[in-house]
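Peer 1: Quick one: structure below, then a few questions.
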Amino acid sequence: MSAYLAKRLVTAIVTLALASVVVFAVLEVVPGDPARLMLGMNASAGQVEQLRSQMGLNDPLLLRYLHWAGGILRLDFGRSYTYSVPVIDLVRERVTVSLPLALIALALSTAIALPVGIYSASRHGRMGDALAMSAAQFGVAVPNFWFALLLVYLFAVWLRWVPAGGFPGWSAGVGPALKALVLPAVALALPQAAILARVTRSALVEVLSEDFIRTARAKGLPWRAVLWRHALRNALIPVVTIMGLQFAFLLAGTVIIENVFYLPGLGRLVFQAITQRDLIVVESVVMLLVASVIAVNLIVDLSYALVDPRLRHGR
């Protein structure tokens with residue numbers, strides 16, 4: 001188990017280091033001058049050059065990378081060119097929206113997908129299986145922003161149960177804040193639930209065809225006990241893998257949904273920073289999201305050892 005953990009930690013650290021190089025290099029070659037954008041098109045060349053020097057944009061590329069990466073390690077993400085505030089303050093403000101949204105969406109997705117996948121696998125080849133997988137296929141095919149617009153029209157415009165967009169902040173109370181996150185979370189959860197349901201069903205169908213399942217049935221174990229006690233646990237590895245990937249996607253890939261519902265989250269922050277050429281914000285937030293994805297994947301890898309005892313013993 002210690003060797004397994006050490007190997008995963010080394011892999012995560014190397015991946016994070018390589019990702020920092022890629023993120024910095026890609027954003028540095030994006031056309032546009034942050035200093036020119038901040039001062040406007042009427043600024044003189046001397047004013048632009050002076051601001052570039054103040055922002056450190058004239059330093060050698062390697063020196064700028066080392067300065068930026070060193071700041072990231074110290075949790076010093078620099079100062080936003082556009083907002084003139086520390087980037088960490090922007091991140092701290094926006095993550096209080098994106099993180100609860102991702103967690104609620106993942107909980108909804110799991111609560112929908114696991115029962116559907118288990119039901120479908122237990123009725124493999126029957127009408128219930130066909131109907132469940134048809135619904136899942138529809139959920140996979142339809143983009144989440146279409147679900148978002150449909151939910152807004154139905155529950156916000158027509159029924160007026162929840163607000164159509166915006167976020168009042170947690171200071172307004174837990175109830176109003178959660179109410180503002182309900183529709184975005186459902187819009188994010190439905191397509192992910194469809195994917196997870198199909199994976200759960202496929203994994204369970206494969207396990208149910210194994211010899212040890214037939215042996216358990218031949219010994220007289222009830223079908224429910226075979227399904228829940230033996231088959232489901234052995235089918236959990238691909239399910240846990242998809243859940244980890246989905247959480248990373250829900251945390252980092254909510255740009256469209258946050259713009260549809262006008263939520264002040266990390267996705268919207270990155271979108272605005274890109275349009276404003278605020279490189280330091282984009283680089284820092286993207287690296288935080290990359291680090292969160294790597295951390296989630298590391299947790300998923302470690303959870304494999306809990307699900308599959310063979311990994312704990314190096315087999």
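Rule-based calculations on the coordinates, nothing more; no lab input. Owing to the predicted nature of the structure, the values given are computational and were not obtained by experimental measurement. Methodologically, a virtual Cβ is constructed for each residue, glycine included, from the backbone with ideal geometry; neighbour enumeration extends over all protein chains shown.
Peer 1: With all distinct Cα pairs included, what does the Kirkwood hydrodynamic radius of region 226-298 come out to in Å, to one decimal, could you say?
Peer 2: 14.1
Peer 1: Further question: Taking only Cα atoms and a 10 Å spring cutoff, compute GNM fluctuations for the chain and point out the largest among ALA248, ALA69, ALA185.
Peer 2: ALA69
Peer 1: May I pose another question? How far is helix 266-275 tilted off the main Cα axis of the chain, in degrees rounded to 10, range 0 to 90?
Peer 2: For helix 266-275, the angle is close to 40 degrees.
Peer 1: Can you give the Rg and Dmax of region 77-203 based on its C-alpha atoms, in angstrom?
Peer 2: 18.3, 61
Peer 1: About the Cα centre, and with charges only on the beta carbon of Lys, Arg (+1) and Asp, Glu (-1), how big is the dipole of the chain? Nearest 20 debye, please.
Peer 2: 1280
Peer 1: Here's something else I'd like to know. Any idea what angle helix 45-55 forms with the longest principal axis of the chain, computed on alpha-carbon atoms, 0 to 90 degrees, nearest 10?
Peer 2: 50
Peer 1: Give me, ordered by chain and number, the residues 5 or more places off TYR81 or on other chains with an amide H under 5 Å from its own placed amide H.
Peer 2: Here ILE280, VAL281 satisfy the definition.
Peer 1: Of ALA218, LEU232, VAL207, which is farthest along the charge dipole of region 186-315 in the positive direction, counting Lys and Arg as +1 and Asp and Glu as -1 at C-beta?
Peer 2: The residue sitting farthest along the positive end of the dipole is ALA218.
Peer 1: While we're here: Cα convex hull of region 154-250: mean projected area in nm², to one decimal?
Peer 2: With every direction weighted equally, the projected area is 8.9 nm².
Peer 1: Which values, in whole Å and largest first, are the semi-axes of the equivalent ellipsoid of the chain obtained as the square root of 5 times each eigenvalue of the Cα gyration tensor?
Peer 2: Result for the chain: semi-axes of 44, 27, 15 Å.
Peer 1: Something else about it: So how strong a dipole does region 85-229 carry about its Cα centre when Lys and Arg Cβ are +1 and Asp and Glu Cβ are -1, to the nearest 20 debye?
Peer 2: With Lys and Arg at +1 and Asp and Glu at -1, about 480 debye.
Peer 1: For region 215-287, what is the relative contact order in percent, using Cα pairs closer than 8 Å and at least 6 residues apart in sequence?
Peer 2: Over region 215-287, the number comes to 15 percent.
Peer 1: Of all the Cα-Cα pairs you can form in region 145-197, what percent are over 12 Å apart?
Peer 2: 64
Peer 1: What 222 nm value per residue comes from the helices of the chain, counting each DSSP H run with n ≥ 4 as -39,500 (n - 2.57) and dividing by all residues, nearest 500 deg cm²/dmol?
Peer 2: Calculated mean residue ellipticity at 222 nm is -23500 deg cm²/dmol.
Peer 1: State, as an integer percentage, the relative contact order of region 198-246 based on alpha-carbon contacts under 8 Å between residues 6 or more apart.
Peer 2: 53
Peer 1: Where nothing but the Cβ of Lys and Arg (+1) and of Asp and Glu (-1) is charged, how large is the charge dipole of region 81-164 around its Cα centre, in debye to the nearest 20?
Peer 2: Dipole magnitude for region 81-164 comes out near 180 debye.
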